[in-house]
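A quick write-up on the structure given underneath.
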Amino acid sequence: MDELKERPWSQHYPEGVPLDLPIPDKPLHAILDEAVRDYPDRIATIFKGKKVTYRQLDHMANRFARALRGMGVNPGDRVAIMLPNIPQAVAAFYGALRAGVVVVMTNPLYVERELEHQMNDAGARVILALDLLKPRIEAVRTHTPLEHVVYTSIRDALPFPLNLLYPLKQKLPTIQPGPTTHRWTDLMAQNSPAFPPVDARPDDVALLQYTGGTTGLSKGAMLTHRNLVANALQTVAWMGQDDARQTESRILTVLPFFHVYGLTVCMNMAVATAATMVLMPKFEVNEALDLIEKYRPKFFPGAPTMYVAVLNHPEVAKRDLASIQACLSGSAPLPVEVQTSFERITGGKLVEGYGLTEASPVTHSNPLNGLRKTGSIGLPFPSTDVKIVDLETGLRELPPGEVGELCVRGPQVMAGYWNRPEETARALRDGWLYTGDMARMDEDGFAYIVDRKKDMIIAGGFNIYPREVEEVLYEHPAVQEAVAVGVPDAYRGETVKAFLVLKQGQESTPDEIVAFCRERLAKYKVPTAVEFRDTLPKTIVGKVLRRKLLEEEKERQAQAAVDSQA
């Protein structure tokens, strides 16, 4: 894009990172082919001490692809993967792509209603799931297009003797193989490790990635092979890993692969650089610290809540975290205090980035080297153009400093929403993705997310952006986590309520918090109510569920109204 050279951020681009990145015309699974070709004996995954080489991963992927063909799955059909971060998830993902199918990454935490909606909406014919999820799968199976179910177990990925001990610790469902019910271990034993991949085109849909559903019914973003290849290579270039294939590196892989953030910046970036994924099925701070000390990963992509947990670990000062060189934080705003404290403790760099499912997902990040701005989401990724437009028409590009809707375009932007042409037309206009996020851009091209349009609080006619309130709350020495929500108010329409989690051993009162905010915020932005909690409801990647907090508050107010009339 020639216009990128004229954008304000071009002069501040980090050294060595191309402003415009050539994207090769190849399917996503080609990055695995290349890793296997060049480094077959390099370790691809480490899980609970068991190591899988790229050659072994290649054979697992091919066996799964051949198994899908044996089930009658055709190119373009949808296959769901409902697994945590275990080696089978990596092998199945690339194996399904080699078979030419569209992958549907499915959250293992989904309840029956969510699972049934996603399988029906996607038209999935096959699902690969953890055996522990069998009750949920079987409950919805007859109400969906699912023809085949493949079950695997954590045990299947464990080294000896943990694989023998695992069933003793947890009662596992019985899997009875049949014509439409299969065991992963059987498929691996019965199928050849050779498979000629289907000739997929770069613009074919590779993935249906469903939006989180935290703001309504989830919908599938159609991400093509080109979208996902582009975002993986953009991340590689931004992280300065163009030559990483020559030197082995490791990534602490705790972001879930069923979320597109983890899929791109952990799995696909690792495979594109033939790196080793140190797999964690879920984030647990003690295990994370142990893995960092044992395997010395360079990269730790995560969410702010993960870095907060590390910082507040009682023994963090005694742990050796010096291997960590770079952390890309996403999924939620990164508080300034968290960034500076984490960098001080590890000696590495923690930068805030930004993305959304519809963009595969990353569009922005602060540079690891060179100019970066605290509180900003940074600069656009290579080959990514950005503008801020007015809210009234969505057409007028705003000058630096003015708040409007953030719009992006680039090779990572989705093809559209699955079976939702009207919503696609609203989100994609003249090649631009309208993100729904309120933002401003400074003179240097650094962007600042102000808030989601739908999260903006309007109190007495004033616009209040929750992030601004939260930044102040995080400055309080007793506060570990904070979220500001607009709750119903009879007089002002909405008012600000703060939900807080305090640091271990710390105390505070609502009055103290309010007084602290009054010194740092305009009067209309100060929370009028404060509630302390042990935890905040979050998605699997650490994004606070504002809607759940708001629903709980509305229920509380409704009950209080009933009680007052009784």
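The values are calculated or read from the model by the stated rules, or taken from the named source; none is laboratory data. Treat the numbers as computed from the prediction; the structure is a model and nothing was measured. Cβ atoms come from the backbone with ideal geometry, glycine included; neighbour counts cover every protein chain shown.
Based on this model, can you work out whether residue 128 counts as under 23 Å from residue 186 (Cβ atoms), outside any helix (DSSP H, G or I) and more than 16 Å from the chain's Cα centre (by Cα)? Considered against the rule, which asks whether it is under 23 Å from residue 186 (Cβ atoms), outside any helix (DSSP H, G or I) and more than 16 Å from the chain's Cα centre (by Cα), residue 128 comes out as yes. Going through (1) assigned to a helix (DSSP H, G or I); (2) closer than 17 Å to residue 146 by Cα; (3) touching a strand residue (DSSP E or B) at 6+ places or on another chain (Cβ under 8 Å) one by one, residue 104 falls short only on (1).
Pull up segment 141-157, narrow it to residues that are within 14 Å of residue 89 (Cα to Cα) and β-branched (Val, Ile, Thr), then point me to the one that is modelled with the lowest pLDDT. Working first, answer last.
The first filter runs over segment 141-157 and keeps only residues within 14 Å of residue 89 (Cα to Cα), leaving 150-157.
In the following step, the residues that additionally are β-branched (Val, Ile, Thr) were identified as 150, 152, 154.
Values: 150: 98, 152: 97, 154: 93.
Checking each candidate, the answer is 154.
Residue 500 satisfies every condition listed in (1) under 19 Å from residue 466 (Cα atoms); (2) in contact with a His (Cβ under 7 Å, 6 or more places away or on another chain) except (2).
Does residue 395 satisfy the criteria of being touching a strand residue (DSSP E or B) at 6+ places or on another chain (Cβ under 8 Å), surrounded by 22 or more Cβ atoms within 10 Å (Cβ to Cβ) and at pLDDT below 95?
Numbers: touching a strand residue (DSSP E or B) at 6+ places or on another chain (Cβ under 8 Å): yes; surrounded by 22 or more Cβ atoms within 10 Å (Cβ to Cβ): no; at pLDDT below 95: yes.
No; evaluated as a whole, the condition is false for this residue.
Scanning segment 23-38 for any residue that is without any contact (Cβ under 8 Å) to a residue 40 or more places away in the chain, in contact with an Asp or Glu (Cβ under 9 Å, 6 or more places away or on another chain), outside any helix (DSSP H, G or I) and in the same structural domain as residue 128 (by TED's automatic domain parsing) turns up nothing. Candidates in segment 1-29 are the residues that are out of contact with any strand residue (DSSP E or B) (no Cβ under 8 Å at 6 or more places or on another chain) and buried (at least 19 other Cβ atoms within 10 Å of the Cβ); of these, the one that is nearest to residue 365 (Cα to Cα) is 17. Figure legend. Inter-residue proximity from segment 318-347: first residues at negative phi and among the aromatic types (Phe, Trp, Tyr), second residues in a helix (DSSP H, G or I) and buried (at least 17 other Cβ atoms within 10 Å of the Cβ), beta-carbon distance below 9 Å, spacing 6+ or different chains. Indicated pairs: 342/307; 342/308; 342/310; 342/311. Kindly indicate whether residue 253 is closer than 17 Å to residue 361 by Cα and crowded, with 23+ Cβ neighbours inside 10 Å. The answer is yes for residue 253. Looking across segment 86-140, just one residue is surrounded by fewer than 24 Cβ atoms within 10 Å (Cβ to Cβ), polar (S, T, N, Q) and modelled with pLDDT of 95 or more, and that is 120.
For the subset of segment 299-312 comprising residues that are in a loop (DSSP other than H, G, I, E, B) and modelled with pLDDT of 95 or more, which member is nearest to residue 365 (Cα to Cα)? Restricting to residues being in a loop (DSSP other than H, G, I, E, B) and modelled with pLDDT of 95 or more, the top hit is 301.
What pairs come up if the first residue lies in segment 163-178 and is among the hydroxyl-bearing types (Ser, Thr, Tyr), the second is at pLDDT 80 or above, and their beta carbons are under 7 Å apart, counting only those six or more places apart or on different chains? As it stands, the answer is 166/154; 166/155; 166/158, since those pairs meet every condition given.
The set of residues in segment 321-344 that are in contact with a Lys or Arg (Cβ under 9 Å, 6 or more places away or on another chain) and either assigned to a strand (DSSP E or B) or over 19 Å from residue 369 (Cβ atoms) (or both) comprises 326, 327, 331, 332, 333.
When you look at residue 287, is it surrounded by fewer than 18 Cβ atoms within 10 Å (Cβ to Cβ) and at pLDDT 95 or above, yes or no? Considered against the rule, which asks whether it is surrounded by fewer than 18 Cβ atoms within 10 Å (Cβ to Cβ) and at pLDDT 95 or above, residue 287 comes out as yes.
Among the candidates 144, 152, 174, the residue that is in contact with a helix residue (DSSP H, G or I) (Cβ under 9 Å, 6 or more places away or on another chain), polar (S, T, N, Q) and surrounded by fewer than 19 Cβ atoms within 10 Å (Cβ to Cβ) is uniquely 174.
Does residue 163 count as polar (S, T, N, Q), part of a loop (DSSP other than H, G, I, E, B) and modelled with pLDDT under 95? Spelling it out, it is not the case that residue 163 is polar (S, T, N, Q), part of a loop (DSSP other than H, G, I, E, B) and modelled with pLDDT under 95.
Using the structure shown, decide if residue 276 is within 26 Å of residue 380 (Cβ to Cβ) and either surrounded by 24 or more Cβ atoms within 10 Å (Cβ to Cβ) or touching a residue at least 40 places away in the same chain (Cβ under 8 Å) (or both). The answer is no for residue 276.
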